[in-house]
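The values are calculated or read from the model by the stated rules, or taken from the named source; none is laboratory data. Every value quoted in this text rests on a predicted model; they were computed, and no experiment measured them. Every residue, glycine as well, gets a Cβ built from its backbone with ideal geometry; the counts of neighbours run over all protein chains shown. Quick note on the areas: whole protein, heavy atoms, side chains included, nothing else; ligands and nucleic acids left out. Shrake-Rupley method; radii C 1.70, N 1.55, O 1.52, S 1.80 Å.
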Amino acid sequence: VHNSSVKESAAIPGDTATLVVSDVVYRGKGLGRLDGQVVFVPGVLPGETVEVRFTRRHKNYAEAGLIEVVSASPKRVAPACPLVSVCPGCCYQHADYEEELRLKQAQLANLLERQAKVSSSVCLPPVPSPKPLGYRNRISLHAAYDGSAAALGYIGEDNETVLDVPACPLAVAPLNERLAQLRADAGFMATLRTHRSLTLRHTRHDGAIHFLGKAGAEKPWLTETTLFGQVQVPRGSFFQVNHGVADRLLAAVMAILKDTPCRAVADLYGGGGVFALAAGRAGVPRVIGIDSDEAAIQAARQNARDHKLKNVEFVAQPASKGLKQVFRRVDPAGVLLIVDPPRAGLEKPGIEAIGRSRPPEIVYVSCAADTMVRDIALLAAAGYRVVSSQLFDMFPRTPYFESLTRLTAG
């Protein structure tokens, strides 16, 4: 698509055209062509004929909005949310779930082949979400106050407008119930001001809770449930938003840990320590969890005590700095490295430290396939090869998915 030899798009903003959609690319936009020029349009499915209006013109491609579906795919369904045309959070509300999963699996395979030069044969069957809706245990909303009334919801496509959201179909039912209670509370709504955020979280143990602004590093901790028991997580710290898929992802990591010959595990971006705790329970002699979130590390240490794991320790440091310390204390030749970075992917110093120390196996858990394949290409240059990659659909109806990729040195 981004080939400098392609001539500038002839599509003029405001003009309309009829296109045939050939594919849906990573992050959910459909791909069609006008006189050989690539056009991206949201809300469509492969094989559909659609009428579009061009919105932006770039050197190598154009963007367009959907006017009408002239010929619909049999995989098209009615969206579950009335805000789907204006809310940027969901891009697959119009697709049946089986088709969404197929598209995401094809996107993962394509990214591996095109960006990381890895054969799609490494891809294992995708792991679907038990629920395509009603799965999120955490949502963050924003407030906007115009002097007379407050809107409470998600940020729109323009990165500025707040869309008023009475309920989110992705959220678990208790969160929507709590949101309805808050919205009906005139006193609470009167406290909202522009740019203030509201976070709602749900756990099986604590039920639905909410807080305004940053949660802070203090207690109370929330109790989350995992395959191996309960763990404590500070209310403002990261935890997977889809319990059903998180369990399946953890099971896959635990299966790897039971098979590894490594004598130590380093868990980068480990948060409250779920993967590190799993490694400790699997009998790995030495486990070190690393995260820059001090509150999460405090909870992780308590979790290790609660589970009576003396072979697990936690370090509150940025990932790359913590990794360098691990490799000074533990022979890299015996380390299995688990990384679960944010969407930005691994930091360059961290990749360089991995390349220098060459631990024999890496388990890369990712919520952003585009930065993951970028990092895999860099790790390949350092001598690693991909053994397998598997999609876990942690975020149904949205552009994103989780993946677990195993790499070995040599």
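Inside the stretch 79-105, can you point out the residues that are of a type outside the set (S, T, N, Q) and closer than 16 Å to E48 by Cβ?
Within the stretch 79-105, the subset of a type outside the set (S, T, N, Q) is 79-84, 86-92, 94-104.
Those that are of a type outside the set (S, T, N, Q) and closer than 16 Å to E48 by Cβ: P79, C91, Y92, H94, A95, D96, E99, E100, R102, L103.
Taking the stretch 7-55, which residues are β-branched (V, I, T), over 15 Å from V70 (Cα atoms) and modelled with pLDDT of 95 or more? Explain how you work it out, then say what you get.
Within the stretch 7-55, the first condition is being β-branched (V, I, T), and the residues that meet it are 12, 16, 18, 20-21, 24-25, 38-39, 41, 44, 49-50, 52, 55.
From the residues that got through so far, the ones that are over 15 Å from V70 (Cα atoms) too are 12, 24-25, 38-39, 55.
Within the stretch 7-55, V24, V25, V38, V39, T55 meet the criteria.
Among the residues of the stretch 355-393, which ones are aliphatic (A, V, I, L, M) and within 20 Å of G271 (Cβ to Cβ)? I'd like the intermediate steps shown before the answer.
From the stretch 355-393, those aliphatic (A, V, I, L, M) are 362-363, 365, 368-369, 372-373, 376-382, 386-387, 391; that's our starting set.
Answer for the stretch 355-393, where residues must be aliphatic (A, V, I, L, M) and within 20 Å of G271 (Cβ to Cβ): I362, V363, V365, A368, M372.
Please list, ordered by residue number, the strands (runs of 3 or more DSSP E) wholly in the stretch 17-115 having 1 or more residues that are of a type outside the set (F, W, Y) and open to solvent by 40 Å² or more (accessible area, probe 1.4 Å).
30-34, 49-57, 61-71
Within the stretch 131-172, how many residues turn out to be loosely packed, with under 14 Cβ neighbours inside 10 Å and under 21 Å from the mean Cα position of the chain (by Cα)?
3
Return the total of residues in the stretch 231-284 being under 22 Å from A171 (Cα atoms), assigned to a helix (DSSP H, G or I) and among the β-branched types (V, I, T).
1
Out of curiosity, is P125 modelled with pLDDT under 95 and either part of a loop (DSSP other than H, G, I, E, B) or open to solvent by 50 Å² or more (accessible area, probe 1.4 Å) (or both)? It would help to see each step written out before you state the result.
Details: modelled with pLDDT under 95: no; either part of a loop (DSSP other than H, G, I, E, B) or open to solvent by 50 Å² or more (accessible area, probe 1.4 Å) (or both): yes.
So P125 fails the test.
Enumerate the pairs (first residue in the stretch 381-407 and more than 16 Å from D247 (Cα to Cα); second residue anywhere and of a type in the set (D, E)) with beta-carbon separation below 8 Å, excluding pairs fewer than 6 apart on the same chain, so at least 6 apart or on different chains.
R397/E100; R406/E361; L407/E361
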